[in-house]
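Beneath this line is the structure, given in structure tokens, with notes to follow.
The values are calculated or read from the model by the stated rules, or taken from the named source; none is laboratory data. Predicted model only: the values in this text are computed from it and were never measured. No Cβ is skipped: glycine too gets one built from the backbone with ideal geometry, and neighbour counts run over all protein chains shown. Note: accessible area is taken over every heavy atom of the protein model, side chains too, but ligands, DNA and RNA are not part of it. Shrake-Rupley method; radii C 1.70, N 1.55, O 1.52, S 1.80 Å.
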Amino acid sequence: MSALRRRPWPVHPLLLAAWAILFLYGGNLDELIPADILPSLAWAVAGSLVLVVVLGLLARDVRRGALVALSLLIAWFGWGHAAGSLPADPPVRVLIGVGFGALIVVAVVAARRLGELRLAALTRGLTILTGLLLAVAAVGVAPSAWSAVSTVPPPLGDRPAPTPGDRDIWYLVLDRFGSVRSVEAYAGATPALPAWMDAHGFEVAHDARASYVKTALSLGSTLNLMQLDELAARMGPDSGDEEPFTELVRDHAVG
């Protein structure tokens, strides 16, 4: 135990990587289930582990390598959030890049110059901080994740088995592609795609309209050959949960 206090395990990059994925999941609870994030979570943690090991070998001390790895991961996961929340002007993006670059330089200098006691204290502090971030994120997504895992969708009944020689059916959805009428009205231009599809033998429903305002609702209705009135009534007017509609798309009657 005393050796662990002197040389604590530098797991803070792994905790930060896991937190970053759970943080994104927490912002999209209505559209994702836990199984959707497992591959990203595994890749993020594994990638951070590889980064720590490689930098630890270069620095000849895994704790020092972990400091640099943490700064790189903060820049990697933080760039999109920082760039998306600030104006898209080139000078602003340059400043963001300079800020992350400065953080990496500080981490490299600290990794090279910190003494053993300060390095151990910093490693413990960063581990506690990232552990708290991960715990808060986990608590925030736990109710929704448990609901998704514990809810079993009703069976759709027997389906015909494919036979050799059956053709594949591809259902292409050009999400947010407006009709000719709407594009002409709002953009002042005539889209070329419908005419091209007409010329190549496609049947184009020129006067068609989306059945619902959101993709998950529209696809859930279309792919299950039903209106969503009963489901909407069961959920209630104040519900913002899109998971039932997402399940209709994942496992649908048409399929």
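In the chain, with Lys and Arg counted as +1 and Asp and Glu as -1 at Cβ, which of these residues, ALA210, VAL180, ILE128, has the Cα nearest the positive end of the dipole, that is, farthest along it?
The one lying farthest along the dipole's positive direction is ILE128.
Let me make sure I get this right: for region 151-252, a, b and c are the square roots of the gyration tensor eigenvalues over alpha carbons, sorted descending. Under 1.5 in a/c it's rounded, otherwise prolate if a/b > b/c, else oblate. Which is it? Display every interim value, and only then the final one.
Numbers: a/c = 3.20, a/b = 1.28, b/c = 2.49.
Since a/c reaches 1.5 but b/c is at least a/b, the shape of region 151-252 is classed as oblate.
So if I take the alpha carbon set of the chain, get Rg, then get Rh from the Kirkwood formula, what is the Rg over Rh ratio?
1.10
Given a cut-off of under 8 Å on Cα pairs at least six residues apart, what relative contact order in percent is computed for the chain?
After rounding, I find 23 percent.
Among VAL45, GLY26, ALA233, which residue has its Cα furthest toward the positive end of the charge dipole of the chain, with +1 on Lys/Arg Cβ and -1 on Asp/Glu Cβ?
Result: VAL45.
When all alpha-carbon pairs of region 12-128 are counted, what percent fall beyond 19 Å?
54 percent
Dipole size in debye (nearest 20) for the chain around its Cα centre, Lys and Arg Cβ +1, Asp and Glu Cβ -1?
2180 debye
How much accessible area does SER179 have with a 1.4 Å probe, in Å² rounded to the nearest 10?
Probe radius 1.4 Å; accessible area of SER179 about 40 Å².
Could you look at region 190-255 and say what percent of its accessible area is carbon and sulfur, using a 1.4 Å probe and all protein chains?
Percent of accessible area from carbon and sulfur atoms in region 190-255: 57.
By the gyration tensor of its Cα atoms, with a ≥ b ≥ c the square roots of the eigenvalues, what is the shape of region 186-228: rounded for a/c under 1.5, prolate for a/b over b/c, or oblate? Present the calculation step by step, with values, prior to reporting the outcome.
Details: a/c = 3.41, a/b = 1.67, b/c = 2.03.
Here region 186-228 falls in the oblate category.
Kindly point out which whole DSSP H helices in the chain project their C-alpha atoms 24 angstrom or further along the helix axis while averaging a Kyte-Doolittle hydropathy of -1.0 or above. Mind dumping the intermediate values first?
On the way: long enough: 34-59 (36 Å, 1.97); 62-85 (33 Å, 0.95); 90-113 (34 Å, 1.59); 116-150 (48 Å, 1.30).
Qualifying helices, which must be both long enough and hydrophobic enough, are 34-59, 62-85, 90-113, 116-150.
Helix-only estimate, please: 222 nm mean residue ellipticity of the chain, summing -39500 (n - 2.57) across DSSP H runs of length 4 or more and dividing by its residues, to the nearest 500.
Computed ellipticity for the chain at 222 nm equals -21500 deg cm²/dmol.
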